[in-house]
Structures are given as structure tokens and as C-alpha cells.
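Structure, as C-alpha cells:
The values are calculated or read from the model by the stated rules, or taken from the named source; none is laboratory data. Note that the structure is predicted; figures quoted are calculated from it, not measured. In this analysis, Cβ positions are derived from the backbone assuming ideal geometry, glycine residues included, and neighbour counts consider all displayed protein chains.
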Amino acid sequence: MTDPLQDPGFLRDPYATYDRLRGAGPVQKVFTGSQGHSSYLVTGHAEARQAFADPRLSKDTARFFAGRTTRRNLHPAVSRSMLASDPPGHTRQRAVAAGLFTAGPVARLRPYVQRVVDGLLDGWEPGAPVDLVDALAAPLPVTVICELLGVPEDDRAMVSRWSNELFAAGRPDRIDAASHAIGDYMTGLVGSARREPGDGLLHLLAQQGDAGPLDPDEVVSLAVLLLVAGHETTANFIANAALALIQHPDSLDRLHRDPDLIASALDELLRFDSPVGIATFRYTTEALRLGGVEIPEGVPVLIAPGAANRDPARFAEAHRLDLDRNAAGHLAFGHGIHRCLGAPLALAEAEIALRALVTRFPGMRLAVPSEDLAWRQTRLMRGLQALPVVL
């Protein structure tokens, strides 16, 4: 029994594997990990959308692993986050966080995001090489979310490194250590916000723990989730979109000539190369039928937005980048009660960053052959380790 998601070429190009699996059916039983544990992988769009919204698929990892032998040692702020919970606890936490990333607050952030982007790009020189991940895609969302949460500037590189380590595929020891580092750090930061008056985001969250619907542990957990989710997927989104445009020079040139098209092109760029390949953990709380397959109770279900967004049953010529396509309905941000809260902020950051890129450097090209690009060693995230280009 082999794990189809461990194929050496999967991280570089997962779409051939997704197509092969989908060709045998939109839901397939697969054997994952070194122990060959069985899971069900969802690659069809209709089935993925249905699975995202099915209450019989739980995200309560603590409940799943209760009584099971495990050597994992995740910090509670990570293992019991809103992302790993079900209603009513999830509903209570999401209600607190929901107002932070609505259209109004995000619109007020746009001038700050523009200043950060301009500051990052001002030092670039036409004709010079640059790594778009290290110089733009990663530092932009890190800077924005750290500013919102009040993470001191001197700590941001360290926090970003811990966040990256949380997705170190095949290295549970590194993941566990990073979870404790970032959990302990945010515990201290929330404690400072509770003791010191202020009107920052962490101060607002701390107030929710003191006199609101959240307990103190939930405040820390929500702060960690906002920090990690607030930049990981956005960094991947920006870099993946830039690569797609570089590899499709006609589309890049079109956006250079008419940058106002970028806002409407974001959905297609998200669909084409989703920053999340396989969504976070879910399991069945009772037997169910999905995509014509009977899935028993108590088994993991892997929903693959990356596969669903390339499903030809939903998107014609799904492997073609088409900026005129109506890509509404893509699942890059998920669907249902766990749909990404930070989607409005991610879209704003990507729009501003890509507009600056295509306006200032329309002739950018890869500095290495595309087959030499290094991808992050995680099947959860679809993201580049580096994107070297010549401006």
C-alpha cells in the first residue's frame, strides 16, 4: 500500500496525481503516512463542497484522538484552536473573530498595506534578481498581521519561522516544538495586553476573555490562529499567482496594460493554483455516503481544494489559466462554517501586491528553469520555498 500523496513529484505538480485519482472517482480510499492508515480523499468539486458543509464531518481533533495512543505533543493553543473545533465552541469563537476582517476594517487597512508593499518594492532595481517569496510574498502578510496583533518588529522573523515549522511535513517533532514556541510566546503577549491598557487587536481579544464569551485559553488559541492563518496562505497565494502570471506572459502583459482587472482576476488565480492543497483534518462522526462511496464512522476525510478547483466537471479546461473565467465557487478559501475568515484581507493584500508587481516590473521572468523551483514540503499548503526572478 503506497501513499499517493508521497510521490516524489507530488509537491512539485500535484495536479497529475489529483487527475489520476479523480479519474477513478471523486472520492477515493487512500492509504496515507508511513503506517498506511486509511483515509478518504475528496477530489471532485461538488463532493468537496458537500463535504465542507456536512456536519457529520468533525474537526474536533481532541475528540478523535481521545483514548488513542499518540506521541504527539502539540501546544493546546494549536491542538484546540477554532480550526480544530465544532459548534457550539467554534460558533462562539468565530463570532468574536468575524468582525475583525469584514469589508470595513479591511478597507481601513488598505493604505497601510499599500505603504508596506511600496516599502518592500522601493529597493528593487530593474534587471536585478530577487526572490519574490523572501522579498514580498512572505514579509507582506507577516508584517500586516503582526502589526495588527502587536508583535514587536524584532520578534517577527522568529514568529514567522515558528509558523513555517508548523507545516513541516513528516517531522512531528519539529511541528510539536514550534507549536509550543508560538503558543508560549502568544500566551505572554496576550498576558501583556491584559495587564496594559490599549485598543489594539490583542487588547480587544483579551477583553473578550475577561468579560466576554471566551475563556483565557481560547483567547490565546484565537490569537495563535490569527497569527498563523493570517499570513501562511496569503504568502502562498501571492507567490503562486505571481508564478502563474510569469508563466503566462500574455496574462501578465494584459494586467500590466489594465491593472484594474487584477481584482476580478484574483478568483481565477486562486482557482488555478490554490494556496491550500488539502484542507485541515476532518473525520466522520457517523457513516455517510459521499460521491457514491460509503465512508464508515471514525475515519479521516481529506478534502482537496487544489483538486476540486481543477475539476473539469465544474470548470471547463480546468488546467488553463483564463482571466476572463467566472471562477466564483472555487474552494481555495474552503466553504461552510469553516470558510477562511481572513479571505477579505488576503484578497486585499494580494490585489495590492500584484498590482504593484505588474505595474513596476511587467517584464519579470524566472531566474531558474521552472522545474528547479523548490516547493514547501507539506501537502497541506501549496507554496513555493523561493521564487527567484529577474526584474
Can you pull out the helices (runs of 4 or more DSSP H) entirely within the stretch 47-142 that have at least 2 residues that are under 21 Å from ILE182 (Cα atoms)? 61-65, 76-79, 89-98
Looking only at the stretch 173-188, count every residue that is acidic (Asp, Glu) and free of Cβ contacts under 8 Å to residues at least 24 places away in the same chain and tell me the total. 1
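Conditions tested, residue by residue: (1) over 22 Å from GLU165 (Cα atoms); (2) at pLDDT 95 or above.
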site	(1), (2)
ALA206	yes, no
ALA223	no, no
PHE237	no, yes
LEU245	yes, yes
SER251	yes, yes
ASP258	yes, yes
ALA265	yes, yes
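So which helices (runs of 4 or more DSSP H) stay within the stretch 200-312 end to end and still have 1 or more residues that are in contact with a Leu (Cβ under 6 Å, 6 or more places away or on another chain) and free of Cβ contacts under 8 Å to residues at least 40 places away in the same chain? I'd like the intermediate steps shown before the answer.
Working: elements: 201-211, 216-229, 232-246, 249-257, 262-272, 305-308.
Ranges flagged: 216-229.
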Can GLU349 be described as modelled with pLDDT under 95 and either buried (at least 18 other Cβ atoms within 10 Å of the Cβ) or part of a helix (DSSP H, G or I) (or both)? no
Selection count, the stretch 40-78, where residues are buried (at least 18 other Cβ atoms within 10 Å of the Cβ), of a type in the set (Ser, Thr, Tyr) and modelled with pLDDT under 95: 1
Got a sec? Which of GLY329, GLY342, GLY334 is among the small types (Gly, Ala, Ser) and either touching a Ser or Thr at 6+ places or on another chain (Cβ under 7 Å) or at pLDDT below 95 (or both)? GLY342
If we scan the stretch 89-100, do we find a residue that is in contact with a strand residue (DSSP E or B) (Cβ under 6 Å, 6 or more places away or on another chain), at pLDDT below 90 and either under 15 Å from TYR283 (Cβ atoms) or basic (Lys, Arg) (or both)? no
Considering (1) in a helix (DSSP H, G or I); (2) touching a Cys at 6+ places or on another chain (Cβ under 6 Å), say which one GLY334 fails and leave the rest. (1)
Search result, residues across the stretch 335-346 that are crowded, with 20+ Cβ neighbours inside 10 Å and of a type outside the set (A, V, I, L, M): HIS335, HIS338, GLY342
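Return yes or no: is ASN236 within 30 Å of HIS319 (Cβ to Cβ) and surrounded by fewer than 23 Cβ atoms within 10 Å (Cβ to Cβ)?
Values: within 30 Å of HIS319 (Cβ to Cβ): yes; surrounded by fewer than 23 Cβ atoms within 10 Å (Cβ to Cβ): no.
Considered against the rule, which asks whether it is within 30 Å of HIS319 (Cβ to Cβ) and surrounded by fewer than 23 Cβ atoms within 10 Å (Cβ to Cβ), ASN236 comes out as no.
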Number of positions in the stretch 362-391 that are in contact with a strand residue (DSSP E or B) (Cβ under 8 Å, 6 or more places away or on another chain) and closer than 21 Å to ILE303 by Cβ: 6
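Would you check if LEU243 is out of contact with any helix residue (DSSP H, G or I) (no Cβ under 6 Å at 6 or more places or on another chain), over 25 Å from GLY44 (Cβ atoms) and either of a type in the set (Ser, Thr, Tyr) or surrounded by 18 or more Cβ atoms within 10 Å (Cβ to Cβ) (or both)? If you could, list the steps in order and put the result at the bottom.
Details: out of contact with any helix residue (DSSP H, G or I) (no Cβ under 6 Å at 6 or more places or on another chain): yes; over 25 Å from GLY44 (Cβ atoms): yes; either of a type in the set (Ser, Thr, Tyr) or surrounded by 18 or more Cβ atoms within 10 Å (Cβ to Cβ) (or both): yes.
Here the answer is yes, as LEU243 does meet what is asked.
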Those residues of the stretch 251-300 that are in contact with a strand residue (DSSP E or B) (Cβ under 8 Å, 6 or more places away or on another chain), small (Gly, Ala, Ser) and more than 24 Å from MET381 (Cβ to Cβ) come to a total of 4
Give the residue that is nearest to the chain's Cα centre (by Cα), with candidates limited to residues of the stretch 162-182 that are small (Gly, Ala, Ser) and buried (at least 21 other Cβ atoms within 10 Å of the Cβ). SER163
Just one of GLN28, GLN114 is surrounded by fewer than 18 Cβ atoms within 10 Å (Cβ to Cβ), touching a residue at least 24 places away in the same chain (Cβ under 8 Å), among the polar types (S, T, N, Q) and in contact with a helix residue (DSSP H, G or I) (Cβ under 8 Å, 6 or more places away or on another chain); which is it? GLN114
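For residues that are free of Cβ contacts under 8 Å to residues at least 60 places away in the same chain and either over 18 Å from VAL358 (Cβ atoms) or of a type outside the set (Gly, Ala, Ser) (or both), tally how many sit in the stretch 117-163. Please lay out each step first, then the result.
Start the filter on the stretch 117-163 by keeping residues that are free of Cβ contacts under 8 Å to residues at least 60 places away in the same chain, which leaves 119-120, 122-123, 135, 139, 143, 147, 150, 152-158, 161-162.
Next, only the ones that are either over 18 Å from VAL358 (Cβ atoms) or of a type outside the set (Gly, Ala, Ser) (or both) stay: 119-120, 122-123, 139, 143, 147, 150, 152-158, 161-162.
Qualifying residue count, the stretch 117-163: 17.
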Please enumerate the residues belonging to the stretch 303-336 that are over 15 Å from ASP19 (Cβ atoms) and among the acidic types (Asp, Glu). ASP322, ASP324
